[in-house]
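Asks: Let me give you the structure first, and then I'll get to my questions.
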Amino acid sequence: MNILRRTALILPPYLWLLMLFLIPFAIVFKISLSEYALAIPRYMPQYDPETGIWHLITQLSFENYRLIGAGAVIAVLSGIALLAALIFLFYPRLRSAFSGETDGSLSDRLAAFLLGLAAAAVLVILGTIALSWFFPSLSGFVELQDHLYYTAYLSSLKIALFSTCLTLAVGFPFAWAMARSPAQYRPMLMMLVILPFWTSFLIRVYAWRGILSQTGYLNQILMALGIIDEPLVILNTNIAVYIGIVYTYLPFMVLPIYATLEKLDESLNEAAIDLGCTRTSAFWLVTVPLSRPGVIAGCFLVFIPALGEYVIPELLGGSNTLMIGKVLVEEFEKNGDWPVASAVAVILLLILIIPIVLFQRNQQKNQEAGL
Amino acid sequence: MNTQTIDSNFAPWENAEETPLIDFQNVTKRFGEFTAIDNLNLKIYEREFFALLGPSGCGKTTLMRMLAGFENPTEGTIILDGQDIAPVPPNKRSTNMMFQSYALFPHLSVADNIAFGLKRDGMAKGDVDARVDEMIRLVQLGKFAKRKPDQISGGQRQRVALARALARAPKLLLLDEPLGALDKKLRQETQFELMDIQESTGTTFVIVTHDQEEAMTVASRVAVMDHGKLVQVDTPDRIYENPNSTYVADFIGDVNILKGHASKTDAGCTIAWGEGQPEINTSCGTELRGAVHYAIRPEKIAVSADKPDAANVLKGTVLDIAYLGNISTYYVKLATGEVIKAQAANNRRISRRSFTWEDEVYLSFTDTAGVVLAQ
């Protein structure tokens, strides 16, 4: 009875996961292993009841993955993961070596971190050299047939990282000001942050075209004010993509940070000032460290969707804005190469699993700490 | 119980030549229309353990926050150690505060919490460590130095907060309801520890509390506040025995208050109060005449079944008995309808008591037992 009830409770989310994630993923994965064909659907059916399942397995090919340079992507990812793991290993030891028992100053920590980073980087490079020395055949694994996909992954990573930092830089003061405003205004400010969601995302991003284009409102105003003579070229560049991502994902950054800052006891700040801090140092020594869970959550909430973003680079970016979401759609729609598009999607998912797992761990840690 | 500091002659407030550590001069604090502190004058001396006592909203916390520097007086000046502190920002004041919520930094260990203020002073690392060790030993937290605040108990957190506030050796330590979050037993133990620490460090303590028992136990002097004004500032025994108003008498401990009319006699004065009741004889020595209040503590009234020989005897019936184990409080109803509380120690087994509910009893008290108050 008890088991039955428990199963009934757990079943819906798992069914949900199965139907909306695992089954579609399995289909995409299957397509990614098949061959392109000018037919409907646009790939060769691999499973033939006559030849049976064994034929299917032996016939599977990773040719699509080889084409998009998945080996190199995986190699870079494992390199980054190894680097991070090594820093986590070195950093606490170095820090205590620098500053003893107590938490050292910022410069101590920075020195420890940089030294840890350098040591980890050297180790990773040495490891890579050793690997290629002992297993020369591995170079085939990372060989790139077409640089497009690899560059698109890296460029997406760069754009996502950079726009996450930008969103944090804009969102943190935003959240801080909200949390410090009088209690009766906070629900209204919260409402104002959420309000843009009431309009279609597509329309809002289109509206930015009107603002940023050469004859758009921004250039009109700047020229009318005499600040510039020539219209600025913003639309169809990476700058427009950054603006679009920061604008679209700002609430995802503001809300978690606001949630942690709002819970902060004002007396902690007063205690820091009472113990000799200036307002600025109290902010850096108390407010910032205590808002870390919110900052981490916000960064992931921006980074994860930004990495696979398609609409914003399509509408605001130019022809040289390379993002993997765009490549995926082009491959699928214009080239009609479903197998390669599927392979791109599978690798994109693999890349996203790392931040998603880290995000989950952060959330779990916060829950345990009761934050 | 030791309610005084070890040196029983410690009474700098009686010496007019003594310079106070803190001097409030005509201090008024307004928040918009609301007057939190109303033209207040107060001197607090070095090495004192000074308690600010009052109901919530009486201004005691505002007074403390003005000392810490989180609020500035609207009018008047506050002198700390001979210096007007109005222009000194809170981080530059030689005061430290122990917050009601303790305000421990949750991301730092116990030792780092204590070291926080020392590092801001730019103290050398070796000195910081030595001082942190000293403070941890003072509050007996040796085993917990590396734990985070959420990994220790409420009582231990309270000690960390105390150690952190004391670490910078402030001239003045402010304690905002320091024991409010502790359970009763722990609170009583901690009160004595606080007193020991105050004596051994020689720091001046100002404590804000709404718990009169706590104020009486720890403080060398108690200030009773109401609506932004000081009602009475005195030693705990004088506050209790000689309250200057019915407000103080009622706020500190239990009291019976009888309204009456005073007239002078040779021995002192008599108070005519209830119809058909004998006048109360008191040698209070007060010069008060006319309408007065007579305040008498329950434990100063004896209850007996037979009529005793005393300066004042009242007759009534036992309405209720509150049995508290060590003592019992008797609610005795007089013929006028007035209910008088009398307290007696249960130094005999309760079964041997010669009166019970509904019995007629006599209440008696001496002519020095109560005080006569104008208001």
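Every read-out reported here was derived from the displayed coordinates using simple, explicitly stated rules and does not represent laboratory data. The shown structure was predicted, so the numbers you read here are calculated from the model rather than taken from an experiment. Virtual Cβ from ideal backbone geometry, glycine too; neighbours counted across all protein chains shown.
Asks: Find the eigenvalues of the gyration tensor of the Cα atoms of the stretch A:153-369, then list the square roots of 5 times those eigenvalues as equivalent ellipsoid semi-axes, largest first, in whole angstrom.
Replies: After diagonalising the Cα gyration tensor, the semi-axes are 35, 25, 14 Å.
Asks: Take the alpha carbon atoms of the stretch A:70-143, find their radius of gyration, then divide it by 2.2 N^0.38 Å using N residues; give the quotient.
Replies: Details: Rg = 15.8 Å, N = 74, 2.2 N^0.38 = 11.3 Å.
For the stretch A:70-143, the normalised Cα radius of gyration is 1.40.
Asks: Apply the Kirkwood formula to the stretch A:132-173: the hydrodynamic radius equals the inverse of the mean of 1/r over all pairs of different alpha-carbon atoms; give it in Å with one decimal.
Replies: 13.0 Å
Asks: Another question, if that's okay. Can you bin chain A into rounded, prolate or oblate? Criterion: square roots of the alpha carbon gyration tensor eigenvalues sorted a ≥ b ≥ c, rounded for a/c under 1.5, prolate for a/b above b/c, oblate for the rest.
Replies: Verdict is prolate for chain A.
Asks: Can you quote the Å³ per residue value for the convex hull of the Cα atoms in the stretch B:166-279, rounded to an integer?
Replies: That works out to 169 Å³ per residue.
Asks: Based only on other Cβ atoms within 10 Å, what is the fewest-to-most ordering of B:GLU48, B:GLU299?
Replies: B:GLU299, B:GLU48
Asks: Which value, to two decimals, describes the C-alpha radius of gyration of chain B once divided by 2.2 N^0.38 Å?
Replies: After normalising by residue count via 2.2 N^0.38 Å, the value is 1.17.
Asks: Oh, and also: Per the Cauchy relation, a quarter of the hull surface: what is the mean projected area of the convex hull of the alpha carbons in the stretch A:271-316, in nm²?
Replies: Mean shadow area of the hull around the Cα atoms is 4.5 nm².
Asks: How shielded is B:85-92 by partner chains, expressed as the average number of their Cβ atoms within 10 Å of its Cβ atoms?
Replies: 3
Asks: For a distance above 20 Å, tell me the whole-number percent of Cα pairs in the stretch B:254-373 that qualify.
Replies: 40 percent
Asks: Can you give the helix-only mean residue ellipticity at 222 nm for chain B, where every DSSP H stretch with n ≥ 4 adds -39500 (n - 2.57) and the sum goes over all residues, rounded to the nearest 500 deg cm²/dmol?
Replies: Dividing the helical sum by the residues of chain B leaves -7000 deg cm²/dmol.
Asks: Would you list A:LYS158, B:LYS43 from fewest to most Cβ contacts within 10 Å?
Replies: A:LYS158, B:LYS43
Asks: Which number do you get for Rg(Cα) / (2.2 N^0.38 Å) in the protein assembly as shown?
Replies: 1.41
Asks: Taking a cut-off of 20 Å between Cα atoms, list the lysines near A:LYS334, but don't count ones fewer than 8 places away on the same chain.
Replies: A:LYS326
Asks: Trypsin sites (Lys or Arg not before Pro) within the stretch B:292-375: which are DSSP loop residues with at most 12 other Cβ atoms inside 10 Å? Could the numbers behind the result be given before it?
Replies: Details: sites: B:LYS300, B:LYS315, B:LYS333, B:LYS341, B:ARG348, B:ARG349, B:ARG352, B:ARG353; in loops: B:ARG348, B:ARG349, B:ARG353.
For trypsin sites (Lys or Arg not before Pro) across the stretch B:292-375 that sit outside H, G, I, E and B with at most 12 neighbouring Cβ atoms in 10 Å, the list reads B:ARG348, B:ARG349.
Asks: Here are some pairs, A:LYS158/A:LYS365; B:LYS29/B:LYS171; B:LYS307/B:LYS341; B:LYS259/B:LYS307; B:LYS259/B:LYS315; B:LYS259/B:LYS333; which of them have Cα atoms lying more than 22 Å apart in this structure?
Replies: On the way: A:LYS158/A:LYS365 28 Å; B:LYS29/B:LYS171 24 Å; B:LYS307/B:LYS341 18 Å; B:LYS259/B:LYS307 24 Å; B:LYS259/B:LYS315 18 Å; B:LYS259/B:LYS333 16 Å.
Among A:LYS158/A:LYS365; B:LYS29/B:LYS171; B:LYS307/B:LYS341; B:LYS259/B:LYS307; B:LYS259/B:LYS315; B:LYS259/B:LYS333, the Cα-Cα distance tops 22 Å for A:LYS158/A:LYS365; B:LYS29/B:LYS171; B:LYS259/B:LYS307.
Asks: Please compute the volume of the convex hull spanned by the alpha-carbon atoms of the stretch B:1-158 and report it per residue in Å³.
Replies: That works out to 180 Å³ per residue.
Asks: I need to check one value: relative contact order of the stretch A:70-143, counting alpha carbon pairs closer than 8 Å and at least 6 residues apart, in percent.
Replies: Relative contact order here is 42 percent.
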